[in-house]
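The values are calculated or read from the model by the stated rules, or taken from the named source; none is laboratory data. What you are looking at is a predicted structure, and each value in this text was computed from that prediction instead of being measured. We place every Cβ from the backbone using ideal geometry, glycine too, and count neighbours over all the protein chains shown. The accessibility values were calculated without ligands, DNA or RNA, using every heavy atom of the protein model including side chains. Shrake-Rupley method; radii C 1.70, N 1.55, O 1.52, S 1.80 Å.
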Amino acid sequence: MSTFLHLNPLKAITINTPTRRNSTRLGRRSIRCDSAAEMSTEKHQIKVSNGNDSVEICRVLNGMWQTSGGWGRIDRDDAVEAMLRYTDAGLSTFDMADHYGPAEDLYGIFINRVRRERPPDVLEKVRGLTKWVPSPVKMTRSFVESNINVSRKRMDVACLDMLQFHWWDYANSGYLDALKHLTDLKDEGKIKTVALTNFDTERLRIILENEIPVVSNQVQHSIVDMRPQQKMAELCQQTGVKLITYGTVMGGLLSEKFLDTNLSIPFAGPSLNTPSLQKYKRMVDAWGGWSQFQVLLQVLNKIARKHGVSISTVAVKYILDQPAVAGSMIGVRLGLSEHIKDVNSVFSLELDEEDADSIREVSSRGRDLMTVIGDCGDEYRRA
């Protein structure tokens, strides 16, 4: 099984966590689900919806995988203070998962601070998106509900803003049972919106054919990994389901720090000392290698200097401008480093046609990752 989960313990924080329980093609018919993504008057907010289900999120989300271990020692109080600073800067959507170490617990502490210390209009804009990544066992109502209740308790909310569901084995159709139970829990007020993570185009179509009202699918998407635009985006545009992207700055590889570096010489360049840098270096290798990646960074650097922003800002904005993309994730190392200024510059940046053409051209020089890896999420389902 894939190492996608990254279940490294975070020893710097000790939080008592509730225990979780061990966790044929349908006939085609119309799958238009009356979904939409609607921009609010604030440029950095967007509403993702399906029918009567909707939630407004920030277009740049704070990713909390970095709390799960491997990025440096995290202090609980410093982390919560950092979450408050992001929120005060308007970056108030946090993405986490049941397996991201103490991420859900940190959110629970944070949201209580917001309730006590911030005005109601700030609380109304805070969003906590989490994921459930169960083993592919029998998906009974009681099993699904008990696991969702753990997240609700850890995050200290009566209703989850968004529950994003992952499934390991497509040969086991239990994912449809799980999603139907999640939909029932949504109807009962325990979940506001149901969504997916790392599902491919074929399974997304099947899910919609089963009239399960998912609002989004979270997938890997960057200038290096343009797979979502090959098949997934077309279905999303047909149905209104939106994409939330991660890996958009490739763990920091898409930055000035790695420009004009040669990783083939030991100790000559920046170290790949985090799980995300190591993960996305493998994507670079699959796409075209480090020399070709340097060409990409040089193109992005030229565009960044033209607009007075960073390479990462250009990389995020390019993906936000792609069809069907509602929001992009940037990982946060809470209490260790911050990128609030860079993130907010994304909202004012406008890439012109020349910029977009230059990025498109250099991106296309790499290998077709759809051929190398497969559709969205297939990297997590290979033996």
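Let me have the 222 nm mean residue ellipticity of the chain computed from DSSP H runs of 4+ only, each contributing -39500 (n - 2.57), with the sum over all residues rounded to the nearest 500.
Counting only the DSSP helices, I get -11500 deg cm²/dmol.
At 1.4 Å probe size, with no ligands or nucleic acids counted, give the accessible surface of D75 in Å², nearest ten.
Here the accessible area works out near 70 Å².
Need one value: the accessible area of F347 in square angstrom, 1.4 angstrom probe, rounded to the nearest 10.
For F347, the solvent-accessible surface is approximately 30 Å².
What is the set of long-range amide H partners of Q45 at a cut-off below 5 Å, with H atoms built 1.01 Å from backbone N?
Distant-sequence amide H within range of Q45: S40, R59.
Of the options Q294, H181, Y318, report the single residue whose Cα projects farthest towards the positive end of the charge dipole of the chain (beta-carbon charges: Lys, Arg +1; Asp, Glu -1).
Ranked along the dipole, the leading option is H181.
Once you have the Cα-Cα distance between S291 and L123, take 0.36 nm times their residue separation minus that, and quote the gain in nm to one decimal.
55.9 nm
Calculate, in nm to one decimal, what E350 and E202 gain on full extension: separation in residues at 0.36 nm each, minus their alpha carbon distance.
Taking E350 through E202 to full extension adds about 49.9 nm, to one decimal.
Which entry in (i) 26, 24, 23; (ii) 30, 25, 21; (iii) 38, 25, 19 is this structure's computed semi-axes √(5λ) of the Cα gyration tensor in Å?
So the structure-derived entry is (ii).
Ordered by residue, what ³J(HN,Hα) values in Hz, to whole numbers, does region 169-177 give under the Karplus form 6.51 cos²θ - 1.76 cosθ + 1.60, where θ = phi - 60° and Gly and Pro are x?
The phi angles translate into 10, 5, 5, 9, 7, x, 4, 5, 4 Hz.
So if I place +1 on the C-beta of Lys and Arg and -1 on the C-beta of Asp and Glu, and nothing else carries charge, what would the dipole magnitude of the chain be about its Cα centre? I want it in debye, nearest 20.
Dipole of the chain, to the nearest 20 debye: 860 debye.
Mind checking the full-extension length gain between Q238 and K306? Use 0.36 nm per residue of separation minus the Cα-Cα distance, one decimal, nm.
Here the segment from Q238 to K306 would lengthen by 20.9 nm.
Before I look further, what does the chain give for accessible area per residue, probe 1.4 Å, in whole square angstrom?
Working: 15860 Å² over 383 residues.
Ligands and nucleic acids excluded, the figure is 41 Å² per residue.
Above 17 Å lies some portion of the pair distances; for region 274-342, what is it as a whole percent of all C-alpha pairs?
Working: 1363 of 2346 pairs.
Counting pairs separated by more than 17 Å, the tail of P(r) holds 58 percent.
Over region 293-354, calculate the relative contact order: mean separation of alpha carbon pairs under 8 Å at least 6 apart, over the residue count, as a percent.
33
Counting only protein heavy atoms and using a 1.4 Å probe, what share of the accessible area of the chain belongs to carbon plus sulfur, as a whole percent?
Details: 7410 of 15860 Å².
Roughly 47 percent of what the probe reaches on the chain is carbon or sulfur.
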